[in-house]
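A short write-up of the structure that comes next.
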Amino acid sequence: MENPRSVEELGPGDHACLTFTDPDERLDIVAAFVRSGLDQGHKVLCFTDSVPADRLPDELELRSVEALDAIRRGQLAVRGSDRAWFADGRPSARRMVDLLAGQLDLAAREGYPVLRMTADMCWAVRPVPAIDQLRAFESQVGALFADGRLAAICQYDRDSFDAVTLAFAAAAHTRAVAAAVYHEDPILRICRQHSPPGVRAAGELDFTRAEPLIQALAESLRLDHHITVNLVQLRYIDAACVSLIIHTARSLRDDRRLTVICQGLVREMFALVDTDEIPTLRVQTVHGRA
Amino acid sequence: MVGPEMHARRVGPAAGRGGASLDQPFGPDDLYALRAAVAAHAAHLGAPPDRVAHVVIVAGELASNVVRHGGGRGRLRLSWVDGAVRCEVSDEGPGIPDPDGAGKRPPSVLALGGRGLFIVRRLAASLTIRNTGRGTTVTALVTVPDPRS
């Protein structure tokens, strides 16, 4: 399989594997995949497991996906694994492939040219004999992609699956999808956020790691009209890095916005620096959401 | 990275109040460990979480200044003084120009630098900058509310 792609590059005919360790990064990529499908007039089907089916629409809304409207008009459907894989108590690859084939036909009859499917595969690590059915599904489902009407992301939590199953999953998919990571060490992680688009940083950020922040902000400046800088999981930021973000916001034309989302000490740092004079900068506080 | 326990030297009573709680040299690679040590010791001195954050911000900015402009290496002492956490950072660098005025005015929104001392002055009840000829010592007091009041 080729090098991981960005989620924006995925399209009809792609059967992609997303392996992740950060749940927020997983939801970000899923949100971008769903939003892109809704924007392009695709039907979108989400199978969810670690996030309950009744909560996933809210998680998507938090990430700038108009999920509730899409569900109301029938363009988006969210289902728990229990209703799909465990419909009669035992997982069956054949039944799941048939279910997907049926959904593909239904989407076509409803007038959607493409069905996008995303599935959290962690149901397979429940204490039931499921891994063999997972492997069978990933092998058999490939045929459904042949005519370019199906696009899928299968999500694998690296902390839940063993290395052998992860290696099999990587080989069974035609694509890998991953977030662009600008910097990663035990203290700080800076990666691209897809939905809403921008930058996400977690850990502690000071001037010694300003370079990857500059790189991430510069890329977002090029790619995105409005920029979201998600610092919810950042525990510390110094004045030098606050200044870099302010400087980026100031460089925007009046019709663009840079929105910082933060909490705790990071929120306090932005409050201590007078940002009211910068009309292109918004600072939003969240409480306890990662 | 060097953990705080490798450099930190306790010189006061275990509870902290009444003596220096933390006396720690630092360099460019030690800022993360230094902040972790400051947070732990400020909490140990009795600062509530919001004031621990203030002490960490103050210590972090003063230490960053030393690494960037003050010769690269310095020493941080944290202690309890009359209802406040006292944070003293010293270096052997070239000194801070206009020690009485530094950080008193809000930096221009156009400025990329200069916000560190401004933020420290906003959080600290008092800030003293002393150029000694052999370097600079900056002392900030962050008041801590008395839990009994």
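Can you give the relative contact order of the range B:4-143 as a percent, counting alpha carbon pairs under 8 Å and 6+ residues apart? Write out the running numbers ahead of the final one.
Numbers: 286 pairs, mean separation 31.2, N = 140.
The normalised contact order for the range B:4-143 reaches 22 percent.
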Within the protein assembly as shown: Cβ-based charge dipole about Cα centre, in debye rounded to nearest 20 (Lys, Arg +1; Asp, Glu -1)
740 debye
Tell me, what is the FRET efficiency for A:A136 and A:R256 to the nearest 0.05, using R0 = 51 angstrom and their Cβ-Cβ distance as r?
0.55
Normalising by the residue count of chain A, find the relative contact order in percent from Cα pairs under 8 Å and 6+ residues apart.
20 percent
For the range A:40-45, Karplus couplings with θ = phi - 60° (6.51, -1.76, 1.60), whole Hz, Gly/Pro x
8, x, 8, 7, 10, 10
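Filter the trypsin sites (Lys or Arg not before Pro) in the range A:63-168 to those in DSSP coil with at most 10 other Cβ atoms within 10 Å of their Cβ, and list the result. Could the numbers behind the result be given before it?
On the way: sites: A:R63, A:R72, A:R73, A:R79, A:R83, A:R94, A:R95, A:R109, A:R116, A:R135, A:R149, A:R158; in loops: A:R63, A:R73, A:R149, A:R158.
Within the range A:63-168, the qualifying trypsin sites (Lys or Arg not before Pro) (loop, at most 10 other Cβ atoms within 10 Å) are A:R73.
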Alpha carbon Rg of the range A:7-176, scaled by the compact-globule rule 2.2 N^0.38 Å
0.95
Where both residues lie in the protein assembly as shown, what percent of DSSP beta bridges are antiparallel, nearest 5?
50 percent
What would the Debye formula give as log10 I(q)/I(0) at q = 0.14, 0.15 Å⁻¹ for the alpha-carbon point model of the range B:4-143, no solvent?
-0.59, -0.68
antiparallel share of DSSP beta bridges within the range A:181-285, to nearest 5, in %, is 40 percent
Between rounded, prolate and oblate, where does the range A:181-285 land on the alpha carbon gyration tensor, with a ≥ b ≥ c its root eigenvalues, rounded for a/c under 1.5, else prolate if a/b exceeds b/c?
oblate
Can you give me the relative contact order of the range A:7-176 as a percent, contacts being Cα pairs under 8 Å and 6 or more apart?
37 percent
Using a simple charge model, +1 on the beta-carbon of Lys and Arg, -1 on the beta-carbon of Asp and Glu, nothing else, what dipole does the range A:7-176 show about its Cα centre, in debye to the nearest 20?
600 debye
What's the Cα-based Rg to Rh of the protein assembly as shown, Rh via Kirkwood?
1.08
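Values in this text are rule-based calculations from the coordinates and carry no lab data. Computed from a predicted structure; not experimentally measured. Note: ideal-geometry Cβ built from the backbone for every residue, glycine included; neighbour counts use all protein chains shown.
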